[in-house]
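Here's the structure we're looking at; comments come further down.
The values are calculated or read from the model by the stated rules, or taken from the named source; none is laboratory data. The shown structure was predicted, so the numbers you read here are calculated from the model rather than taken from an experiment. Cβ: placed from backbone, ideal geometry, glycine included. Neighbour counts: every protein chain shown. Please note that ligands, DNA and RNA were not included when accessible areas were found on the heavy atoms of the full protein model with its side chains. Shrake-Rupley method; radii C 1.70, N 1.55, O 1.52, S 1.80 Å.
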Amino acid sequence: SCNPQAEWMAAQRSRPLQLLGALRRALHAQWREGNLPTHVHRKLEENVSELNLVASSCERLFSSPVPPTMSRHVVRCMVLWLFGLPLVLAGTMAPSAVGFWVFVTSYVFIGIEEVGVQVEQPFEIVPMTQLCRLIMANLEEAFLQRPPPGM
């Protein structure tokens, strides 16, 4: 049905590590066959090493969630503060102004909290599948299409 390499890759526990290994093997094979000059091969290997560092950093980020007690504490403090704000402002300005500033402040703080929640789990909002497809298409184009003679 599907490509056997894709099925094998999908079954791996650490797909980024396996993809980087496959990329290194492909680079080495191209270099051995003489399709890749030594200096280009060396530079591509350096880039793959940097990509490995980025992938391992993302793996650590993805696998270490923020403790739920910290998130709960932030939300509780914000709710307490936002409910107390109208009581503090009540004698200092007109009721409509109090309502307006409580609304603005609530909107800002709830927005900041929501951004914080998204920053805690970046892989839920980043379109990783689309990015991977784009990278794969670029790699296929780079390795499968030979440049015209003289390039």
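Out of (1) part of a helix (DSSP H, G or I); (2) farther than 25 Å from R13 by Cα; (3) modelled with pLDDT of 90 or more; (4) open to solvent by 60 Å² or more (accessible area, probe 1.4 Å), the odd one out for M93 is which? For M93, the failing item is (1).
Only residues that are exposed (fewer than 13 other Cβ atoms within 10 Å of the Cβ) and within 22 Å of V54 (Cα to Cα) were counted across the stretch 1-10, and they come to 1. State which residue is farthest from the chain's Cα centre (by Cα) when the search covers only the stretch 66-90 and only residues that are among the small types (G, A, S) and over 30 Å from R15 (Cβ atoms). Within the stretch 66-90, the match that is farthest from the chain's Cα centre (by Cα) is A90. Screening the candidates V115, V108 for the property of being over 18 Å from the mean Cα position of the chain (by Cα), at pLDDT 85 or above and not basic (K, R) yields one hit, V108.
Kindly indicate whether A22 is over 24 Å from E114 (Cβ atoms) and either open to solvent by less than 50 Å² (accessible area, probe 1.4 Å) or in contact (Cβ under 8 Å) with a residue 60 or more places away in the chain (or both). Taking the combined requirement at face value, the residue satisfies it.
Looking at the stretch 57-65, can you tell me whether even one residue there is over 17 Å from the mean Cα position of the chain (by Cα), assigned to a loop (DSSP other than H, G, I, E, B) and either among the basic types (K, R) or more than 30 Å from V104 (Cβ to Cβ) (or both)? Step through it out loud before you land on a result.
Pass one, the stretch 57-65, residues over 17 Å from the mean Cα position of the chain (by Cα): none.
Scanning the stretch 57-65, I find no residue that is over 17 Å from the mean Cα position of the chain (by Cα), assigned to a loop (DSSP other than H, G, I, E, B) and either among the basic types (K, R) or more than 30 Å from V104 (Cβ to Cβ) (or both), so the answer is no.
Here E124 fulfils each of the conditions (1) open to solvent by 70 Å² or more (accessible area, probe 1.4 Å); (2) at pLDDT 80 or above; (3) under 24 Å from V74 (Cα atoms) apart from (2). Inside the stretch 77-90, can you point out the residues that are in contact (Cβ under 8 Å) with a residue 24 or more places away in the chain and either open to solvent by 90 Å² or more (accessible area, probe 1.4 Å) or not in a helix (DSSP H, G or I) (or both)? Within the stretch 77-90, W81 is the sole residue that qualifies. Count of the stretch 27-76 residues, restricted to those that are in contact (Cβ under 8 Å) with a residue 40 or more places away in the chain, within 23 Å of C132 (Cβ to Cβ) and surrounded by fewer than 14 Cβ atoms within 10 Å (Cβ to Cβ), is 4. All told, F103 meets the bar of being of a type in the set (F, W, Y), part of a helix (DSSP H, G or I) and open to solvent by 100 Å² or more (accessible area, probe 1.4 Å).
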